[in-house]
Amino acid sequence: MPHAIRTGTAALEGAKAIVLQRVDGRGGRVKIGGEEWSARSYVADEAFDVGSEVEVVQIEGATALVYR
């Protein structure tokens, strides 16, 4: 049986992203593939500086929740 192909936002979970604007529990911006997304830290008290590589844990609406 073939594996299900993940599409849309589910396909982004597990993807690497680059921080464009500092990301913390309140917000920020990341680049996933060629697209810019609003982002928030998956763990509320963590923050990621510009240029950091993070991983997309979950997509919530139009916001990527990211983790190192």
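The values are calculated or read from the model by the stated rules, or taken from the named source; none is laboratory data. In this text, all values refer to a predicted model and were calculated from it rather than measured experimentally. No Cβ is skipped: glycine too gets one built from the backbone with ideal geometry, and neighbour counts run over all protein chains shown.
Quick rundown of the values:
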| read-out | value |
| --- | --- |
| Unmet criterion (only one of (1) basic (Lys, Arg); (2) at pLDDT 95 or above; (3) touching a Leu at 6+ places or on another chain (Cβ under 9 Å)) for residue 6 | (2) |
| Single residue of the range 17-68 satisfying the filter (at pLDDT 95 or above, aliphatic (A, V, I, L, M) and over 20 Å from residue 7 (Cα atoms)) that is nearest to the chain's Cα centre (by Cα) | 54 |
